[in-house]
1. Mind checking which residues of region 144-192 are farther than 18 Å from residue 230 by Cβ and not in a loop (DSSP other than H, G, I, E, B)?
2. For region 647-673, name all the residues that are of a type outside the set (Gly, Ala, Ser), more than 21 Å from residue 573 (Cα to Cα) and open to solvent by 40 Å² or more (accessible area, probe 1.4 Å).
3. Would it be correct to say that residue 378 is under 19 Å from residue 463 (Cβ atoms) and hydroxyl-bearing (Ser, Thr, Tyr)?
4. I'd like to know if region 528-539 contains one or more residues that are open to solvent by less than 10 Å² (accessible area, probe 1.4 Å) and touching a His at 6+ places or on another chain (Cβ under 7 Å).
5. With respect to residue 480, determine if the residue is touching a helix residue (DSSP H, G or I) at 6+ places or on another chain (Cβ under 7 Å), open to solvent by less than 10 Å² (accessible area, probe 1.4 Å), under 17 Å from residue 663 (Cα atoms) and in contact (Cβ under 8 Å) with a residue 24 or more places away in the chain.
6. Quick test of your reading of the structure: residue 403 fulfils all but one of (1) open to solvent by 10 Å² or more (accessible area, probe 1.4 Å); (2) touching a Ser or Thr at 6+ places or on another chain (Cβ under 7 Å). Name the failing condition by number.
7. Given the residues 355, 349, which is the only one that is open to solvent by 50 Å² or more (accessible area, probe 1.4 Å), within 30 Å of the chain's Cα centre (by Cα), within 18 Å of residue 389 (Cβ to Cβ) and among the aromatic types (Phe, Trp, Tyr)?
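The values are calculated or read from the model by the stated rules, or taken from the named source; none is laboratory data. Quantities reported herein were computed from a predicted structural model and do not represent experimental measurements. A quick note on method: Cβ atoms are made from the backbone with ideal geometry, for glycine too, and the neighbour counts reach across all protein chains shown. Areas reflect the complete protein model, heavy atoms only, side chains present, ligands, DNA and RNA absent. Shrake-Rupley method; radii C 1.70, N 1.55, O 1.52, S 1.80 Å.
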Amino acid sequence: MASIRLLSAACLLVAGVANAETYTVQSPNARIQVAVTNDAKGLSYAVTLDGNKVIADSALGLIINDVSLGNNELDFLGNSKEKGKDTFELFGRTKKVVEQYNSITLKFAGKDERKLNVNLVVRAYDEGVALRYLLPNQSGLNQFTIQNELTRFAFANNYTCYGLNLGKFANSHEGEFDPVKASSIREHNLYDNPLVCKTGVGQTTFALAESDVRDYPGSWFIGRGDGGLGVDVKLTPRFDSRPDGLEKAGVRATMSASGVKSPWRVIMLGDTPGALTQSSLIAALGEPTKIKDTRWIKPGKTAWDWWNDNQVVLENTNVKPGMNTETYKAYIDFAATLGLEYILIDAGWHEGAAWTNTPGANVIKPIAAMDMPEILRYAKSKNVGVWVWLQWKQLDWQMEEALSTYEQWGIKGIKVDFMDRSDQEIVDYYHKLLTMTAKYHIMVDLHGAYPPNGLVRTYPHFLTQEGVMGAEYNKWSERVTATHNVTLPFTRMILGPIDYTPGGFRHATAEEFPQLRRNTLPYVKTTRGQALAMFVVYDSALQMLADSPITYSKTNGKWPQPQSEWEEGLEFIKDVPATWDETRILQGDIGEFIVSARRKGNNWYLGAMTNESARTVTIPLDFLGKGNYQAHIWQDGKTISTLTKSESVTSAKETITVQLASAGGAVVLLKKK
């Protein structure tokens, strides 16, 4: 017991003193203030925006080695303040990120004879607040276990929030962000990152999230359990190695004591929901990259096989479309015609491929029907790169050998799937995988993945990820509604890219969909206009064309073919970028509609999407530069599968009005004249 008492004294984070002491830090624009108080009740903090309290007095602390660290066993040693400015580049919603902050570090020491140190770091940005715990390097400690944090977000009012309540730790982080009053969030709930809430003051919106998770588990949000408004942080428990992923009771994080830092606990703040969508705060809090040469990292768009069940045209052959060489040559032809950078070969291409941790796989030995050297030769001749799918554990068993082999083959990227957890083991796996893929110049798309937490800054070859209920759910459910589609940009997407896999070109009304729903060549419950708008609205530096080459052809013909034989709108998807220099959210609200403006070079792209309510949207163009622009407009047509196209000359003094059908959308390309 002596060692546990020592750890308790060393690591206490909620110190009490005879007289309350309060330390404050303001955002650079002075609108946001964080006040940290150290008194007899322990350490707490509160957050205000323009003088209005958003986060009420909220506890801080940890539970270490089964000891709840919530008494007055820490001495205050002092504090230091600094002004910081982060400038870096990303692949995604914006090219250049500039984030300024003011920071305070509060230093404490245990009251026992060891006087071991612990610090609390608080940063205030113009776009929100971040805080984390630090245990500086110090002698006398070897290892300890963190069962949980005592970090709380107490709400000043009964906010309306939007959250993904998954109810269990082992899952793929996919589902709807449903509205919920703060007073209805219970202790047994498990809300995923982010939890987005409206304060009721104008359109002010905040989101709770995390960033820079390393040597630590991911977190969730649970109800306080004491009847108060707000949520507590809950860490993901460690899992055993069995395929069923059962929990190891009570164990969250085990780590060496020296130099420990918790993830950033983040409160994003914006005057509108869209202000969070265009923010890069989560990425800015990620660890800076150590990858110096990024020339091999090439974002782009890719043809994809799985969603449409390999439906391509194979002429002059007895081979049926499927996992075989001829099928992927046909996908390469399709990609080459459209100028897509990649094709993605999904599950089943190598021996023993499985969705579970099935032993006996060989991730560098293709099945007999897949002549990978020929596929890769043919792709290279057409200037098309190749990505391949892998199950995470099967890859782990051969990781370095596989990645080295893929680099020799010329594989450009891998899609790694079915982690379906956020415990410390999987967090460590992410860092291992992303470090090693960088070594072998392999780009990455993670599926069955926990929400983004700043890794896109640390590993710029990490182009996109799942952890989102995307278009695949159209194959087996009716859950992907237009309301869901216009909720995602204001919730899940504020954290980072979403591999939603857009591009569904078989459309059905909500009434027709139950009879038309199917697994092969599936339908979507949205219009052609919304299908196009997703390529502007949704962030992903690897953007999928989910549907089949057959579906994108008016004649079900073989590619290449003249543009006159393309389905309406494919010409826009062909040319729309996958990464952007600048992003602005012009209009919209959670679950209602969104209008996004993206700049690439001198040109701007607008994407508008609505829920099941048709609406007319007028868009001021005052964000444009000087001079005139040629406007090319695609908007919903007479049917859900058609478009109305028009052109005009416009400028920053003008507006553009688009008609959005129910579950519809529109896109506008503004080309500088």
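1. 144, 145, 146, 147, 178
2. The answer is 649, 653, 654, 655, 657, 673.
3. Values: under 19 Å from residue 463 (Cβ atoms): no; hydroxyl-bearing (Ser, Thr, Tyr): yes.
Answer is no for this residue.
4. Yes.
5. yes
6. (1)
7. One residue alone meets the criteria, 355.
Here's the yes/no breakdown for (1) out of contact with any Cys (no Cβ under 9 Å at 6 or more places or on another chain); (2) at pLDDT below 95; (3) open to solvent by less than 40 Å² (accessible area, probe 1.4 Å):
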site: 3; (1), (2), (3): yes, yes, no
site: 8; (1), (2), (3): yes, yes, yes
site: 16; (1), (2), (3): yes, yes, yes
site: 53; (1), (2), (3): yes, no, no
site: 60; (1), (2), (3): yes, yes, yes
site: 76; (1), (2), (3): yes, yes, no
